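Read through the structure below, which is laid out as structure tokens, and then see the notes.
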Amino acid sequence: MEYSHRYHAYPTQQVAAELDYHIDIHRQAYNYTLYEYENVDADDIGSAYKHHSRLPDWKDEFPVFSEVNSKALQRTVTRFYQNLTGLSEQKQNGRKVGKLNWKSPREFQSMTYSQSGFELKNTSGRRATLWLSKIGDIKLRYHREIPDEAAIKEVTVKKETTGDWFISFGLKTDEADLPEKPDVDSLNADNSVGVDLGILNYIHTSDGTTVDWIDLEDEYERLYREQRKLSRKEHGSNNYENQRQAVAKVKRHIRQKVLDYQHKLTIWLVTEYDAGFVE
């Protein structure tokens, strides 16, 4: 089974500047992959695996690509082809899609280390340290332990629109190490529930329980105030950027409050009932 754990990161000012620099190099690599895919007629273009063989030539022609981790650079090329595959699948499903475009700095705010070039250290307490090749150590708020049986396959570093940093660990666990699923025959049919998403309310259950929508009136009023402040700032100025981050933080607070509400609701359902069915 593949899944991920996400942690809030607290890089020093120097390391944060280095992360920004590396992410921008990866953005340039992504854009150059797009350029070659569209303009270069060669046998080693058309798949991520074949395109990886062009990276040594990239480094000779553009030494800046040698400043980032090699596996991470390959992962950025793979990222382009994954986006290409996703676009193709949407088109096959009948959706009207365009084409992949060059990424601006605002649109490209993450990079991924795959297989090597990273090490998670000092995990005994609530703080941990992630070492990244060619960057250094980054402190994490280690609020959830990574299971001993889980293998870390990749590490993604992302800068949110709020300016905060987060680290996601792509994990893989063998099915044999997972908790055994309960047998269907052991479930109590009398202790099951049907869940229907409501319009005036959030959900209705088959046993007559109604759960109201979460009240976000105060949060949205605050969002409108911050957005009005943003509209009065000069676009591109430092004040505009600071206010843009303030708006992003309010949006993040709303999103987290909704997710927390949904999580508590699902915890209640799985604790209260043996089985649930959603319409």
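The values are calculated or read from the model by the stated rules, or taken from the named source; none is laboratory data. What you see is a predicted model; the values in this text were computed from it and never measured. Here the Cβ is made from the backbone with ideal geometry for all residues, glycine too, and neighbour counts use every protein chain on show.
Test residue 172 against the criterion of being touching a His at 6+ places or on another chain (Cβ under 9 Å), of a type in the set (Lys, Arg) and touching a residue at least 60 places away in the same chain (Cβ under 8 Å), and give yes or no. It is false that residue 172 is touching a His at 6+ places or on another chain (Cβ under 9 Å), of a type in the set (Lys, Arg) and touching a residue at least 60 places away in the same chain (Cβ under 8 Å).
The condition (being surrounded by 15 or more Cβ atoms within 10 Å (Cβ to Cβ), β-branched (Val, Ile, Thr) and assigned by TED's automatic domain parsing to the domain that holds residue 7) is satisfied by just one residue among 123, 205, 129: 129. On inspection, residue 49 qualifies as assigned to a helix (DSSP H, G or I), in the same structural domain as residue 140 (by TED's automatic domain parsing), hydroxyl-bearing (Ser, Thr, Tyr) and modelled with pLDDT under 95. In the same structural domain as residue 75 (by TED's automatic domain parsing) and under 30 Å from residue 251 (Cα atoms) - does that describe any residue in region 173-183? Scanning region 173-183, I find no residue that is in the same structural domain as residue 75 (by TED's automatic domain parsing) and under 30 Å from residue 251 (Cα atoms), so the answer is no. Scanning region 2-16 for residues being in a strand (DSSP E or B) and surrounded by fewer than 17 Cβ atoms within 10 Å (Cβ to Cβ) gives a total of 6. Tallying residues that are in contact with a Gly (Cβ under 9 Å, 6 or more places away or on another chain) and either at pLDDT 90 or above or not hydroxyl-bearing (Ser, Thr, Tyr) (or both) within region 181-204 yields 4. The C-beta contact set for region 136-153 (first residue outside the structural domain of residue 16 (by TED's automatic domain parsing) and modelled with pLDDT of 90 or more, second residue loosely packed, with under 13 Cβ neighbours inside 10 Å and in a loop (DSSP other than H, G, I, E, B), distance under 8 angstrom, 6+ apart or interchain) is empty. Being touching a residue at least 60 places away in the same chain (Cβ under 8 Å), farther than 30 Å from residue 75 by Cβ and assigned by TED's automatic domain parsing to the domain that holds residue 265: is that true of residue 212 here? So residue 212 does not fit the description; no. The set of residues in region 220-257 that are under 30 Å from residue 279 (Cα atoms) and either aromatic (Phe, Trp, Tyr) or touching a helix residue (DSSP H, G or I) at 6+ places or on another chain (Cβ under 9 Å) (or both) comprises 220, 251, 253, 254, 257. Taking residues in region 182-201 that are more than 15 Å from residue 270 (Cα to Cα), and partners anywhere that are exposed (fewer than 10 other Cβ atoms within 10 Å of the Cβ), the pairs with Cβ atoms closer than 6 Å and at least 6 places apart or on different chains are 196/279. Among residues of region 136-167 being of a type in the set (Gly, Ala, Ser) and surrounded by fewer than 17 Cβ atoms within 10 Å (Cβ to Cβ), the one that is farthest from residue 72 (Cα to Cα) is 163.
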